[in-house]
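Accompanying notes for the structure given below.
The values are calculated or read from the model by the stated rules, or taken from the named source; none is laboratory data. Since the model is a prediction, treat every value here as computed from it, not as a measurement. Glycine gets a Cβ as well: all are built from the backbone with ideal geometry, and neighbour counts include every protein chain shown. The accessibility values were calculated without ligands, DNA or RNA, using every heavy atom of the protein model including side chains. Shrake-Rupley method; radii C 1.70, N 1.55, O 1.52, S 1.80 Å.
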Amino acid sequence: MGPSVMGRIPHFSETIFPPAAQPNLALVANLGLVLFLFLIGLEVDIQFLVRNWKVALSVGAAGMLLPFGLGCAIAWGLYHEFRGDPGTVPISFGIFMLFIGVAMAITVSRLFSAVFEWL
C-alpha cells in the first residue's frame, strides 16, 4: 500500500519506520532484492533460450517497441495540446517524446509481466 495510502495516516512512517532504522531497512531490502534476482537467475534455462532465441527476441522487441511507438504517437498530441498552457516549462519535443515513450514501454512491460505471472 506504500506511501500513497499509509502515508496519509498521521505519523505512520515515523512510528513504524523510524528515521534511525531507515539505513538498515534499505540495506536489508537491497540484500533481499539481490538474493531474489540471484534465485531467478538460477532458474533460467539457458538451453531453452538458445533453442528459441528468435521467438524470445521477437517477443521482447515487440513488447518494448510497440508500446514505445504508441507512447511517441501519444506524445505528439499531448505536446501540441498542452505546450502553451500557463505554468508549464518549455521543453523540446524530442525530450518529451522520449520520456513519454519510455514511460509507456516500461508501464506496459510491467503490466504484461504481472498478467503473465497471474496466469
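List of remarks:
- Those helices (runs of 4 or more DSSP H) lying entirely in the stretch 9-119 with at least 3 residues of a type outside the set (Val, Ile, Thr) and open to solvent by 100 Å² or more (accessible area, probe 1.4 Å): 22-43, 46-51, 53-82, 93-118
- Annotation note: Cβ proximity below 7 Å between a residue of the stretch 86-99 that is at pLDDT below 90 and a residue that is part of a helix (DSSP H, G or I) and open to solvent by 60 Å² or more (accessible area, probe 1.4 Å) (sequence gap 6+ or interchain) occurs for 88/82.
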